[in-house]
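The values are calculated or read from the model by the stated rules, or taken from the named source; none is laboratory data. Note that the structure is a prediction, hence the values are computed from the model and not measured. Here Cβ is always computed from backbone atoms with ideal geometry, including for glycine, and neighbour counts include all displayed protein chains.
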Amino acid sequence: MSIFLVALCILNAFTCDLLIKVCVHLKLTSYNQIAEKAFGKWMSTFVDILTIVSGVGSLIAYMVLVGDFGCSIMDAVSSNCSRPLMVYILGLVTIFPLSLLHSLNSLRFLSFVSLAFIFAFCVVVVVLSIMSIV
């Protein structure tokens with residue numbers, strides 16, 4: 001399994017390198033433009049659809065994690081935590097206001113903070129895994 005993950009990591013690095021070279025060489029700035037230049041308008045639309053599906057899938061995954069972790073945290077304070085209610089409240093308080101923004105430019109700092117938290121979460125998982133093995 002770990003060999004498979006290493007192979008995927010190498011393929012991912014190769015793909016990113018290839019995309020950067022194509023963007024620099026053709027002076028393009030998005031997946032959409034690369035797809036349109038290489039395959040035409042229909043592939044550009046297909047890339048847009050895949051981007052939307054990927055974004056919605058990520059949003060669903062984050063909401064599931066928020067529901068799980070939110071209820072775990074709330075169980076320490078109160079014994080009656082409704083997971084659907086937790087997801088609904090956090091979605092209403094966080095995701096809905098962010099979706100009302102006209103420009104995503106104001107979220108660039110929030111994006112950096114979220115990446116920092118993801119990195120910290122990965123570090124915690126690795127440290128706890130090593131501690132459980134030892």
Query raised in the report: Restricting attention to region 78-90, does a residue exist that is closer than 22 Å to L115 by Cβ, touching a Ser or Thr at 6+ places or on another chain (Cβ under 9 Å) and either surrounded by 13 or more Cβ atoms within 10 Å (Cβ to Cβ) or assigned by TED's automatic domain parsing to the domain that holds I118 (or both)?
Result: no
Requested in this report: For V56, indicate whether it is in contact with a Leu (Cβ under 9 Å, 6 or more places away or on another chain), part of a helix (DSSP H, G or I) and surrounded by 10 or more Cβ atoms within 10 Å (Cβ to Cβ).
Outcome: no
Query - region 107-134 residues that are modelled with pLDDT under 90, paired with ones that are assigned to a helix (DSSP H, G or I) (beta carbon under 8 Å, 6 or more apart) - result: L107/L98
Query - Test: residue in region 8-17 that is closer than 22 Å to L115 by Cβ, surrounded by 10 or more Cβ atoms within 10 Å (Cβ to Cβ), assigned by TED's automatic domain parsing to the domain that holds I95 and not aliphatic (A, V, I, L, M) - result: no
Query raised in the report: Within region 81-89, is there a residue that is among the charged types (D, E, K, R), free of Cβ contacts under 8 Å to residues at least 60 places away in the same chain and touching a helix residue (DSSP H, G or I) at 6+ places or on another chain (Cβ under 9 Å)?
Result: yes
Report task. Exactly one condition in (1) exposed (fewer than 13 other Cβ atoms within 10 Å of the Cβ); (2) part of a helix (DSSP H, G or I) is not met by T29; state its number. Result -> (2)
Query raised in the report: Hey, among I34, I73, which residue is in the same structural domain as D17 (by TED's automatic domain parsing), in a helix (DSSP H, G or I) and either among the β-branched types (V, I, T) or under 23 Å from V93 (Cα atoms) (or both)?
Result: I34
Query raised in the report: In region 50-60, is there at least one residue being assigned by TED's automatic domain parsing to the domain that holds S82, under 30 Å from V87 (Cα atoms), hydrophobic (A, V, I, L, M, F, W, C) and in contact (Cβ under 8 Å) with a residue 24 or more places away in the chain?
Result: yes
Query raised in the report: Quick one: what pairs do we get from region 1-30, first residue within 28 Å of S44 (Cβ to Cβ), second part of a helix (DSSP H, G or I) and β-branched (V, I, T), C-beta under 9 Å, 6+ apart or different chains?
Result: L19/I34; V22/I34; C23/I34; L26/I34; L28/V22; L28/I34; S30/V47
